[in-house]
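Remarks on the structure that follows.
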Amino acid sequence: MEEHSACSVPAGSKIAFRETSPSGHESHVPSSEVLEAIENVIKDVLKSLAQKKAPVLTLANRSDWRNIEFKDSVGLQMIPRSTTRQIRSDCPSSAPRFALMLKILSMIYKMVQSNTYATKRDIYYSDTLLFGSQSIVDNIINDISCMLQIPRRSLHILSTTKGFVAGNLSYTEEDGTKVNCTWSATAVTVPSNVQGIKNLISHAKFILIVEKDATFQRLLDDDFCTKLSPCIMITGRGIPDLNTRLMVRKLWDVFQIPIFTLMDADPHGVEIMCIYKYGSVSMSFEAHHLTVPSIKWLGLLPSDLERTNPIICNLDTFYEDNS
């Protein structure tokens, strides 16, 4: 249901984004503001219908590199005034998406009113025939968040978590549950509502982000978090989900300690490190809440292989001469 026809090409207009504090701390958007933002969208739709015009939803073009800039202190972020694209209700290629966006806006409105939460997966399984696929739901939710300029957590939509955290850390979840990663023999799942955790306590000297779950578990089994120095370990088990990225950012905001990444020295490992450090194009409109540009690479670099190649060759010759 992606829009590719002339009915939904980027419009020439610009859209300004909500200001974010320079420190990058996320400020929760009050429920009243969320409800008002959704009501304004619906009012515009009704106004168009009253004027016998086809309703249109206008949002920033998140996939257009012309709308992205790199800033050392943030990473990849959407420029203050971005070009837009339109989701039209009178165009065959975009009308289904227009309807789905209104449907999900209605679900969000009810959740905010009742102070309940749902994951993207919950929304998809509420009507699989209507939505078609999980990826369509995910993309529409990101579009709505971008259109309203409101973070997904404030829309009462939570992401399914796949990341783990371990080491010298304790905190209290939003419902009052106390979590102590220090005492746990196994890793703790990254909370689904990172924004809601509080009372974070740690004596860690650094944070280590590990690319692979297998490596993370091996370090955990070897008691790495206490043998070397008190530290916090976290893994997104490959490409990190939103909650894992939010958790890394929150740990940085609270403790301001060095953060290192342990990745494979290959393009995939470099890409994952860059997502933590600089962010991604698709979520550039939330860069201030997701990126930690101070993250440092730990371990071999591809350039190290070139530098050590003569040594390896000499060792090979040595073994051949003495075999």
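Please verify whether SER93 is modelled with pLDDT under 95 and in contact with a strand residue (DSSP E or B) (Cβ under 8 Å, 6 or more places away or on another chain), treating the condition exactly as stated. Before you say what the answer is, go through the steps one by one.
On the way: modelled with pLDDT under 95: yes; in contact with a strand residue (DSSP E or B) (Cβ under 8 Å, 6 or more places away or on another chain): no.
Spelling it out, it is not the case that SER93 is modelled with pLDDT under 95 and in contact with a strand residue (DSSP E or B) (Cβ under 8 Å, 6 or more places away or on another chain).
Filtering region 174-188 to residues that are touching a residue at least 24 places away in the same chain (Cβ under 8 Å) and touching a strand residue (DSSP E or B) at 6+ places or on another chain (Cβ under 6 Å) leaves CYS181, ALA187, VAL188.
In this structure, ASN142 does not satisfy being in contact with a His (Cβ under 9 Å, 6 or more places away or on another chain) and either in the same structural domain as ARG245 (by the TED database) or touching a residue at least 60 places away in the same chain (Cβ under 8 Å) (or both). Counted as qualifying within region 111-151 are the helices (runs of 4 or more DSSP H) with 1 or more residues that are closer than 16 Å to SER32 by Cα, namely 134-148. Of the residues making up region 62-84, those that are surrounded by fewer than 22 Cβ atoms within 10 Å (Cβ to Cβ), closer than 30 Å to SER32 by Cβ and at pLDDT 80 or above are VAL74, THR84.
List every residue pair whose Cβ atoms lie under 7 Å apart, where the two residues are 6 or more positions apart in sequence or sit on different chains, the first residue falls within region 149-173 and is farther than 29 Å from GLN113 by Cβ, and the second residue, located anywhere, is among the aromatic types (Phe, Trp, Tyr). Pairs that qualify, where the first residue is farther than 29 Å from GLN113 by Cβ and the partner is among the aromatic types (Phe, Trp, Tyr), are PHE164/PHE216. Restricted to region 111-153, and to residues there that are among the polar types (S, T, N, Q) and touching a Leu at 6+ places or on another chain (Cβ under 9 Å), the residue that is farthest from THR84 (Cα to Cα) is GLN113. Within region 139-191, being open to solvent by less than 20 Å² (accessible area, probe 1.4 Å) and of a type in the set (Phe, Trp, Tyr) holds for one residue alone: TYR171. One residue stands out in region 251-270 among those that are more than 15 Å from ALA287 (Cβ to Cβ) and assigned to a helix (DSSP H, G or I): the one that is nearest to the chain's Cα centre (by Cα), namely LEU251. Annotation: of all residues in region 44-61 being in contact with a helix residue (DSSP H, G or I) (Cβ under 9 Å, 6 or more places away or on another chain) and among the polar types (S, T, N, Q), the one that is surrounded by the most Cβ atoms within 10 Å (Cβ to Cβ) is ASN61. Once region 289-300 is narrowed to residues that are open to solvent by 40 Å² or more (accessible area, probe 1.4 Å) and not aliphatic (A, V, I, L, M), the residue that is modelled with the lowest pLDDT is GLY299.
From ILE232, ILE197, grab the single residue that is more than 26 Å from HIS268 (Cα to Cα), within 22 Å of the chain's Cα centre (by Cα) and either at pLDDT 90 or above or of a type in the set (D, E, K, R) (or both). Outline the logic, then answer.
Working: ILE232 fails: more than 26 Å from HIS268 (Cα to Cα).
Matching residue, one of ILE232, ILE197: ILE197.
Can you give me the number of residues within region 14-61 that are at pLDDT below 75 and more than 27 Å from LEU251 (Cα to Cα)?
Restricting attention to region 14-61, the residues satisfying the condition of being at pLDDT below 75 are 14-27.
The next check asks that each one be more than 27 Å from LEU251 (Cα to Cα); those that pass are 14-16.
Going through region 14-61 one residue at a time, the tally reaches 3.
Here SER126 fulfils each of the conditions (1) closer than 30 Å to ALA99 by Cβ; (2) under 20 Å from the mean Cα position of the chain (by Cα); (3) surrounded by fewer than 20 Cβ atoms within 10 Å (Cβ to Cβ) apart from (2).
The values are calculated or read from the model by the stated rules, or taken from the named source; none is laboratory data. Everything numeric here is computed off the predicted structure, so don't read it as measured data. All Cβ positions, glycine included, derive from the backbone under ideal geometry; neighbour counts span all protein chains shown. All accessible areas refer to the heavy atoms of the entire protein, side chains included, with ligands and DNA or RNA removed. Shrake-Rupley method; radii C 1.70, N 1.55, O 1.52, S 1.80 Å.
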